[in-house]
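What follows is one structure encoded as structure tokens, with my remarks underneath.
The values are calculated or read from the model by the stated rules, or taken from the named source; none is laboratory data. If you're wondering where the values come from, they're calculated on a predicted model, not measured in any experiment. Cβ atoms come from the backbone with ideal geometry, glycine included; neighbour counts cover every protein chain shown. Calculation scope for accessible area: heavy atoms of the full protein, side chains included, ligands and nucleic acids excluded. Shrake-Rupley method; radii C 1.70, N 1.55, O 1.52, S 1.80 Å.
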Amino acid sequence: DITGRKITEKALAESEEKFRTISDQSMLAICIIQDGRIKYFNRAFELSCGYKPSEIVSWTEKDIISQIHPDDREFVINSIRKKQLDIKAEPSDYRAGYIQRIKG
């Protein structure tokens, strides 16, 4: 019987759709990084960093790190490592600056 699995899959799809709707309407820049690649970003992130979507999705882990402001880089990298090792990082929410592309 696959009824339970189908219900779970439907609930997951609905949850993902709700997240996308909320984040796409947000003025807050949102970026999800998984396995060293950007898996999702909203329009506010794209507009605030100044890069085209095709550029953003091609970034490697090194490219992503280079976009973090130098003053915040070490903190962000350490927080990511702790999270990957399932070590409680303090704080769990934080802000970090990033480098915006200069248009000209």
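Some notes on this structure:
- Heavy-atom accessible surface of ASP24, to the nearest 10 Å², is about 80 Å², with a 1.4 Å probe and all protein chains retained.
- Percentage relative contact order, the chain, counting C-alpha pairs under 8 Å, at least six apart: 21 percent
- Anisotropy class assigned to the chain is oblate, per the alpha carbon gyration tensor with a/c at or over the 1.5 cut-off and a/b no larger than b/c.
- Length added when fully stretched, ILE80-THR21, from 0.36 nm per residue minus Cα-Cα: 18.6 nm
- Computed from point charges on the beta carbon alone (+1 for Lys and Arg, -1 for Asp and Glu), the dipole magnitude for the chain about its Cα centre is near 140 Debye.
- Protection-proxy order for peptides 26-32, 15-21, each taking the mean of Cβ atoms within 10 Å per residue, highest first: 26-32, 15-21
- Taking Lys and Arg as +1 and Asp and Glu as -1, the other residues whose beta-carbon sits under 12 Å from that of GLY36 total 0.
- Estimated [θ] at 222 nm from DSSP helical runs (n ≥ 4, -39500 (n - 2.57)) normalised by residues in the chain, nearest 500: -16500 deg cm²/dmol
- Cut-off under 5 Å, modelled amide H: who pairs with TYR98 long-range: HIS69
- Principal-axis tilt of helix 3-25 within the chain, Cα atoms, nearest 10 degrees: 30 degrees
- ILE87-LYS52 FRET efficiency (beta carbon distance; Förster radius 35 Å; 0.05 resolution): 0.50
- Cα gyration tensor shape for the stretch 23-79, rounded if a/c is under 1.5, else prolate or oblate: prolate
- Pairwise centroid distance, computed over Cα atoms, of the stretch 41-82 with the stretch 16-31, Å: 17 Å
- Ordered by solvent-accessible area of protein heavy atoms (1.4 Å probe), largest first, the residues SER48, SER54 come out as SER54, SER48.
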